[in-house]
Amino acid sequence: MTTTLRTATQTTAATRAPYGRLLLVNLGATVAAGAAAEAWVAVMRAVGVELRVGDPFGEASSAMALPTGACATSIAMCMVLGTALAVALNWKAKRPAHTYVVVAVALTVVSLGAPLVAAGTNAGSKFTLIVAHLIAAAVIIPLVARCLRRA
């Protein structure tokens with residue numbers, strides 16, 4: 001009985017990603033997603049899309065120009081919580097990679113609502129921001145999930 005319990009504990013511990021590697025993968029994914037999103041925004045600016053965003057459900061007068069680097073900064077801020085989520089799931093979840101993908105996709109879908117309801121935001125800006133959200137998710141989710149899957 002003791003041998004079986006010890007083996008189960010060792011197997012569980014062995015299937016967890018090392019925390020140092022998990023943090024480095026999250027950092028790399030954050031930088032890559034920020035660069036990709038900023039590249040997308042730069043292309044849209046070059047095409048002539050005027051990027052103005054307002055407060056969700058706010059007044060149209062709240063719209064302001066989207067500064068360069070805003071997407072990368074937002075991604076970095078969100079990934080603080082994303083990294084905490086990955087660490088918590090790595091620690092507690094039976095299937096951390098699967099659980100991370102499900103939660104991250106759900107949060108991505110929720111995040112698409114902000115550009116849609118932003119006041120004073122034109123269609124080009126909404127499209128650009130939605131695609132930027134999807135680009136960030138397409139970069140981050142597979143990289144972090146792969147790290148959680150490999151142990």
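The values are calculated or read from the model by the stated rules, or taken from the named source; none is laboratory data. Not measured: the values here are computed from a predicted model. Every residue, glycine as well, gets a Cβ built from its backbone with ideal geometry; the counts of neighbours run over all protein chains shown. When the accessible area is computed, the model is the full protein with side chains, heavy atoms only, and any ligands, DNA or RNA have been set aside. Shrake-Rupley method; radii C 1.70, N 1.55, O 1.52, S 1.80 Å.
Condition test on residue 84, is it surrounded by 14 or more Cβ atoms within 10 Å (Cβ to Cβ), assigned to a helix (DSSP H, G or I) and out of contact with any strand residue (DSSP E or B) (no Cβ under 8 Å at 6 or more places or on another chain)? No; evaluated as a whole, the condition is false for this residue. For the stretch 92-112, indicate whether the set of residues that are assigned to a helix (DSSP H, G or I) and in contact with a Phe, Trp or Tyr (Cβ under 9 Å, 6 or more places away or on another chain) is non-empty. No, there is no match, as no residue in the stretch 92-112 is assigned to a helix (DSSP H, G or I) and in contact with a Phe, Trp or Tyr (Cβ under 9 Å, 6 or more places away or on another chain). For residue 99, the criteria (1) of a type in the set (S, T, N, Q); (2) within 16 Å of the chain's Cα centre (by Cα); (3) crowded, with 20+ Cβ neighbours inside 10 Å hold in every case but one, which is (3).
Note on the stretch 52-72: residues that are in a loop (DSSP other than H, G, I, E, B) and in contact with a strand residue (DSSP E or B) (Cβ under 9 Å, 6 or more places away or on another chain) total 6. Annotation: of all residues in the stretch 113-151 being charged (D, E, K, R) and in a helix (DSSP H, G or I), the one that is least open to solvent (accessible area, probe 1.4 Å) is 126.
Residue 108 passes every criterion in (1) under 15 Å from residue 145 (Cβ atoms); (2) open to solvent by 50 Å² or more (accessible area, probe 1.4 Å) apart from (2).
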